Amino acid sequence: MQSDRENIFALVRNGAGFPQLNKVVVERVQQWFLEAGRAALPNMMAQAGAGPERASEVLVIGVQLVWLNGELGRFEEAKQVGADCAEFAARASAEATSGYAKCVGEIGSVHVDQGDYPRALEHYQRALAKYEAAGAGETPDAATCLMSIGSVHFKQGDFPRALEHYQRAL
């Protein structure tokens, strides 16, 4: 975009240096990804149909949108995108179970970022239940979920339960 080009030249002229320029570029790319991804996601979901391969691709993008929104402090947007993705995954196919669990787990991470540990546990436990019901309870994704549950218990000072979940993750 022309305005981005002018902003970059202004940063260079004003001596902001490359670290500041890099920060501006990263922020702009993140913003573009969020806007483009959120605008495209409903159409991608509609076009994916019930095909598991296409559904998985859509869910990868959705999970990244949840994560990035959460990282940027856009918690309500993150939770809404996560809920939309989880609903899509539940409709899409049995093969999308992993995508559903990842979406729900990312919503849990957003709740951790907000300090809402009971809601985070609820989402992590739902994700873990999906992995286990699909026979994927011994996968790296399920282990990550167990570690997340353990971390929440640790943050709440419940060290025995934290240890229990950390051990299960191994």
Val81 vs (1) part of a helix (DSSP H, G or I); (2) modelled with pLDDT under 85: all pass except (2)
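Which count do you get for residues in region 108-122 that are of a type outside the set (Gly, Ala, Ser), open to solvent by 10 Å² or more (accessible area, probe 1.4 Å) and not in a loop (DSSP other than H, G, I, E, B)? Please lay out each step first, then the result.
First pass over region 108-122, keeping only residues of a type outside the set (Gly, Ala, Ser): 110-114, 116-119, 121-122.
Keeping just the survivors that are open to solvent by 10 Å² or more (accessible area, probe 1.4 Å) gives 112-114, 116-119, 121-122.
Going one step further and asking which of them are not in a loop (DSSP other than H, G, I, E, B), we end up with 112-113, 117-119, 121-122.
Residues that pass the stated criteria total 7.
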Residue pairs within 7 Å by beta carbon, gap of at least six or interchain, first lying in region 20-41 and more than 22 Å from Val81 (Cα to Cα), second assigned to a helix (DSSP H, G or I) and open to solvent by less than 70 Å² (accessible area, probe 1.4 Å), listed first then second, are Gln20/Leu11; Leu21/Ile8; Leu21/Leu11; Val24/Leu11
Residues of region 123-170 being assigned to a helix (DSSP H, G or I), open to solvent by 80 Å² or more (accessible area, probe 1.4 Å) and either of a type in the set (S, T, N, Q) or in contact with a strand residue (DSSP E or B) (Cβ under 9 Å, 6 or more places away or on another chain) (or both), in sequence order, are Gln125, Thr144, Gln167
Exactly one of Val24, Val58, Val66 is over 18 Å from the mean Cα position of the chain (by Cα) and surrounded by 12 or more Cβ atoms within 10 Å (Cβ to Cβ), and that residue is Val24
Within region 72-85, restricting to residues that are open to solvent by 10 Å² or more (accessible area, probe 1.4 Å) and among the hydrophobic types (A, V, I, L, M, F, W, C), the one that is farthest from Glu27 (Cα to Cα) is Ala83
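Out of curiosity, is Glu53 acidic (Asp, Glu) and closer than 28 Å to Arg38 by Cα?
Working: acidic (Asp, Glu): yes; closer than 28 Å to Arg38 by Cα: yes.
Yes; evaluated as a whole, the condition is true for this residue.
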Residues of region 53-66 being closer than 25 Å to Ala78 by Cβ and either at pLDDT 80 or above or of a type outside the set (Lys, Arg) (or both), in sequence order, are Ala55, Ser56, Glu57, Val58, Leu59, Val60, Ile61, Gly62, Val63, Gln64, Leu65, Val66
Exactly one of Glu164, Glu76, Glu71 is among the acidic types (Asp, Glu), at pLDDT 90 or above and within 21 Å of Glu35 (Cα to Cα), and that residue is Glu76
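Would you mind finding the one in Gly105, Gly73, Gly82, Gly137 that is closer than 24 Å to Gly150 by Cα and out of contact with any helix residue (DSSP H, G or I) (no Cβ under 7 Å at 6 or more places or on another chain)?
On the way: Gly105 fails: out of contact with any helix residue (DSSP H, G or I) (no Cβ under 7 Å at 6 or more places or on another chain); Gly82 fails: out of contact with any helix residue (DSSP H, G or I) (no Cβ under 7 Å at 6 or more places or on another chain); Gly137 fails: out of contact with any helix residue (DSSP H, G or I) (no Cβ under 7 Å at 6 or more places or on another chain).
Going through Gly105, Gly73, Gly82, Gly137 in turn, just one is closer than 24 Å to Gly150 by Cα and out of contact with any helix residue (DSSP H, G or I) (no Cβ under 7 Å at 6 or more places or on another chain): Gly73.
The values are calculated or read from the model by the stated rules, or taken from the named source; none is laboratory data. Because the structure is predicted, anything quoted here is derived from the model rather than measured. Ideal geometry is used to build each Cβ from the backbone, glycine not excepted, and the neighbour counts take in all protein chains shown. Quick note on the areas: whole protein, heavy atoms, side chains included, nothing else; ligands and nucleic acids left out. Shrake-Rupley method; radii C 1.70, N 1.55, O 1.52, S 1.80 Å.
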